[in-house]
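A quick write-up on the structure given underneath.
The values are calculated or read from the model by the stated rules, or taken from the named source; none is laboratory data. Since the model is a prediction, treat every value here as computed from it, not as a measurement. Reconstructed Cβ throughout: ideal geometry from the backbone, glycine too, with neighbour counts over all protein chains shown. Heads up: the accessible areas ignore ligands, DNA and RNA and are worked out on the full protein's heavy atoms, side chains in. Shrake-Rupley method; radii C 1.70, N 1.55, O 1.52, S 1.80 Å.
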Amino acid sequence: MGARRYFGTDGIRGRFGSATMNPGFARAVGAALGLWLKQGGDEPGSDGLHRVLIGRDTRASGKALATALAEGLASQGVATLDAGIVPTPAIALAIPIVGASMGMVVTASHNPAEDNGVKLFSSQALKLDDATELAIEALIDAVEEAPPDFPDVDPEPYDALELYCERLRGLLVPGSLQGWTIACDTAHGATVQSTPAVLRSLGATVHTIGDAPDGQNINVGLGSEHPGRLTECVRSTGARIGIAHDGDGDRVLLCDETGAVVDGDEVLAMVGLHMLHQGELARSTVVAIMSNLGLDAAIQEDGGHVVRVSVGDRHVLEAMEAHGYNFGGEASGHFIFRDYSTTGDGLLAALQVIRLMRDSGQPLSALRQVLRLYPQLRRNLKVREKRPLESIPGFEERVAQIERRMGRGRVLLRYSGTEAKIRLLAEAGSEAAAQSALAALEALVRQHLEVL
């Protein structure tokens with residue numbers, strides 16, 4: 001498998017105005033996707049026609065990029081449906097309902113407004129695999145070498161937002177949140193018209209922050225990456241729970257009723273154990289990425305299992321599709337409930353936690369106690385060159401030796417995808433063991449790489 005030039009762990013992303021994130025490049029991406037569909041890359045609708053559903057978040061650059069993508073698709077005879085500003089999971093939900101061949105979301109997720117990107121879904125609302133992304137990259141290069149004529153387009157509107165809100169409202173009994181006060185931070189992003197509306201329709205009193213997008217303020221000091229103001233809002237309003245999203249709404253960060261931030265692994269543990277006890281956790285397994293080993297201990301103690309996959313929420317879904325699992329995610333706030341959705345959904349995850357609070361009669365501060373986090377230490381080192389670690393003689397064996405000496409624990413090393421850095425992690429049953437392992441890892445890296 002070759003290296004990808006444009007695609008990262010979740011679609012294409014970059015600084016708006018750069019060579020690979022501007023309207024001209026977006027037209028080439030749209031045309032390449034149109035070619036891929038015409039060549040049999042994915043199924044047409046029941047009428048035999050290809051159409052693509054496009055949504056976006058609130059960034060000022062989103063409209064121009066969405067229009068350019070539609071123009072590129074139109075150059076290959078592919079029609080588009082315009083969903084406007086919607087959370088990413090709303091597009092995934094709508095794809096099979098409208099019979100779209102693909103879905104796209106113009107977003108850079110939790111990144112600042114200066115960035116933008118394109119997330120892609122297949123006709124089954126699944127993220128694209130590596131082989132497909134490589135094939136599309138080759139088509140992008142071909143389009144850029146010989147651009148087609150790009151027509152003006154006027155996509156047909158489609159109300160994916162109301163469809164999404166209606167589906168999410170149905171997860172709880174009408175009026176079930178009467179008497180609840182909830183603090184909600186929509187990060188001036190795509191959930192501004194969805195999460196507060198759904199919670200209010202269920203009877204909750206909702207106090208919102210980050211609910212006035214202007215195209216430039218998405219994620220600025222707010223949202224799942226910046227929970228400080230949500231914490232303050234929970235405490236000042238007496239909310240039972242605080243909910244914060246990232247810019248496109250596929251993540252969630254929660255605060256308990258004291259205003260304390262709930263770790264994403266605590267969400268995996270409390271929801272996973274509840275599903276396990278209710279007989280709802282498929283194959284008694286939670287799918288995780290770089291989760292704390294405390295998650296493994298908590299789930300295993302009650303007879304369940306944790307399966308780990310590579311970084312990227314699409315790998316969580318791939319494991320689910322391959323092995324029949326139905327719940328998993330990552331500590332950063334992506335949670336996939338496969339019985340309901342094919343992608344991370346911040347509002348869906350929040351509603352599942354709220355349902356657990358209602359069913360158990362316990363506050364979130366009590367429910368989160370099911371997980372004892374193992375001490376975890378991290379270090380980032382700048383390097384002159386990201387030399388492949390597997391090419392260094394004896395390197396992987398030395399890492400394995402460090403891990404064996406820890407007993408119950410683990411170490412991780414990986415290069416940053418966007419910077420000249422190597423990220424080190426050590427996790428163990430005690431802080432001293434984690435510190436020792438991290439020091440040994442750093443010494444090993446400094447021995448074989450030029451650290452700046």
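Miscellaneous remarks
- Per-selection Rg to Rh, the stretch 359-414 - Cα, Kirkwood hydrodynamic radius: 1.22
- With contributions of -39500 (n - 2.57) from each DSSP H run of at least four residues, the per-residue ellipticity at 222 nm computed over the chain stands at -11500 deg cm²/dmol.
- As a ratio to 2.2 N^0.38 Å, the alpha-carbon radius of gyration for the stretch 93-165 is 1.32.
- Centre-to-centre, using Cα atoms only, the stretch 51-95 and the stretch 160-209 are separated by 24 Å.
- With the charge dipole of the chain set up from +1 on Lys and Arg Cβ and -1 on Asp and Glu Cβ about the Cα centre, the Cα lying farthest toward the positive end among the listed residues VAL370, GLN39, LEU438 is that of LEU438.
- The stretch 1-96 pair-distance distribution - Cα-Cα, 10 Å bins, rounded %: 15, 45, 35, 5
- Taking the average, over residues, of other Cβ atoms within 10 Å as the packing measure, peptides 217-224, 50-57 rank 50-57, 217-224 from highest down.
- Percentage relative contact order, the chain, counting C-alpha pairs under 8 Å, at least six apart: 12 percent
- Rolling a 1.4 angstrom probe over the stretch 162-261 with all protein chains present gives an accessible area of which 48% lies on carbon and sulfur atoms.
- Computed lengthening from SER365 to GLN178, 0.36 nm per intervening residue step minus Cα-Cα distance: 65.3 nm
- Qualifying trypsin sites (Lys or Arg not before Pro) in the stretch 322-402, DSSP loop, other Cβ atoms within 10 Å at most 15: ARG372, ARG384, LYS386
- In Hz, Karplus ³J(HN,Hα) per residue of the stretch 287-294 (6.51, -1.76, 1.60; θ = phi - 60°; x = Gly, Pro): 9, 9, 10, 9, 5, 4, 5, x
- Reachable lysines from LYS127, criterion Cα separation under 30 angstrom, eight or more residues apart if same chain: LYS38, LYS63, LYS119, LYS386, LYS421
- Percent of beta bridges antiparallel (DSSP, the chain, rounded to nearest 5): 55 percent
- With the convex hull drawn around the C-alpha atoms of the chain, the volume per residue stands at 150 Å³.
- The stretch 252-389, Cα convex hull volume normalised per residue, Å³: 132 Å³
- Surface per residue (accessible, 1.4 Å probe) for the chain, Å²: 40 Å²
- Length-normalised contact order of the stretch 223-293 in % [C-alpha pairs under 8 Å, at least 6 apart]: 23 percent
- Qualifying GluC sites (Glu not before Pro) in the stretch 352-420, DSSP loop, other Cβ atoms within 10 Å at most 16: GLU385, GLU419
- Highest-first arrangement of 285-295, 344-354, where packing means the average Cβ count within 10 Å: 344-354, 285-295
- Lys, Arg +1 and Asp, Glu -1 on Cβ, resulting dipole of the stretch 284-422 about Cα centre, debye, nearest 20: 740 debye
- Cα Rg, Dmax, the stretch 295-364, angstrom units: 12.9, 36
- From phi via Karplus (6.51, -1.76, 1.60), per-residue ³J(HN,Hα) for the stretch 59-70 in Hz, x at Gly/Pro: 4, 4, 7, x, 4, 5, 5, 4, 5, 5, 4, 5
- Taking the average, over residues, of other Cβ atoms within 10 Å as the packing measure, peptides 128-140, 197-209 rank 197-209, 128-140 from highest down.
- Overall dimensions of the stretch 211-311, expressed as equivalent-ellipsoid semi-axes from the Cα gyration tensor (√(5λ), whole Å, largest first), are 30, 16, 11.
- Only one residue of GLY238, PRO213, PRO227 has its Cα farthest out toward the positive end of the dipole of the stretch 152-247, where Lys and Arg carry +1 and Asp and Glu -1 on Cβ, and that residue is GLY238.
- In sequence order, the stretch 264-276 has phi-based couplings of x, 5, 5, 5, 4, 5, 5, 6, x, 5, 4, 5, 4 Hz under the Karplus curve 6.51 cos²θ - 1.76 cosθ + 1.60, θ = phi - 60°, and Gly or Pro positions carry x.
- Leading residue at positive end of dipole, the stretch 85-230 (Cβ point charges), from GLY203, PRO112, MET102: GLY203
- Normalised by the number of residues in the stretch 49-195, the average gap of Cα pairs under 8 Å and 6 or more apart makes the relative contact order 30 percent.
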